[in-house]
Amino acid sequence: MSEDGFLLKLRTDLSWDRAALTRLDQAMRAVCEEYEAADQLDRDLAEGFHVLATSVPEWTSHPNFSRPEPESYYTACLERLSLLAYWFFTGGSPYIEGHVWPDL
């Protein structure tokens with residue numbers, strides 16, 4: 001799910017790679033669109049979406065996590081991960097058709 005090391009860097013270095021998150025966000029949205037009408041979910045993808053929605057908030061709450069961006073940025077990112085997991089697991093976007101996802 002995160003071939004470029006977003007999760008590894010976050011988990012081991014407690015640092016956030018903004019560009020990697022943007023790529024991950026775009027990939028997750030593409031997967032959600034592809035699986036919207038699916039009867040079954042891929043187990044590996046499901047695990048990835050679950051880890052992103054549950055573990056990233058935990059890791060970023062660590063006292064040693066570097067936060068060079070405003071707090072509102074991290075809040076928006078964590079909300080995005082949660083919304084994408086919702087979309088993936090339910091098969092329906094949390095937004096009406098035509099919604100434009102803002103850049104993170």
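In region 38-59, the condition of being of a type in the set (Gly, Ala, Ser) and at pLDDT below 90 is met by no residue. Note on region 43-58: among residues that are surrounded by fewer than 14 Cβ atoms within 10 Å (Cβ to Cβ) and of a type outside the set (S, T, N, Q), the one that is farthest from Arg11 (Cα to Cα) is Arg43. Please work out which residue is nearest to Tyr73 (Cα to Cα), limiting yourself to region 12-26 and to residues that are surrounded by fewer than 14 Cβ atoms within 10 Å (Cβ to Cβ) and touching a residue at least 12 places away in the same chain (Cβ under 8 Å). Across region 12-26, the extreme among qualifying residues is Arg18. Looking across region 60-79 at every residue that is in a helix (DSSP H, G or I) and touching a helix residue (DSSP H, G or I) at 6+ places or on another chain (Cβ under 7 Å), the one that is modelled with the lowest pLDDT is identified as Thr60. The number of residues in region 1-58 being closer than 21 Å to Gly91 by Cα and β-branched (Val, Ile, Thr) comes to 3. Is there a residue in region 90-99 that is surrounded by 15 or more Cβ atoms within 10 Å (Cβ to Cβ), within 14 Å of Glu36 (Cβ to Cβ) and among the hydroxyl-bearing types (Ser, Thr, Tyr)? Yes, region 90-99 contains a residue that is surrounded by 15 or more Cβ atoms within 10 Å (Cβ to Cβ), within 14 Å of Glu36 (Cβ to Cβ) and among the hydroxyl-bearing types (Ser, Thr, Tyr).
The values are calculated or read from the model by the stated rules, or taken from the named source; none is laboratory data. Note that the coordinates shown come from a computational prediction; the quantities given were computed from them, not determined experimentally. No Cβ is skipped: glycine too gets one built from the backbone with ideal geometry, and neighbour counts run over all protein chains shown.
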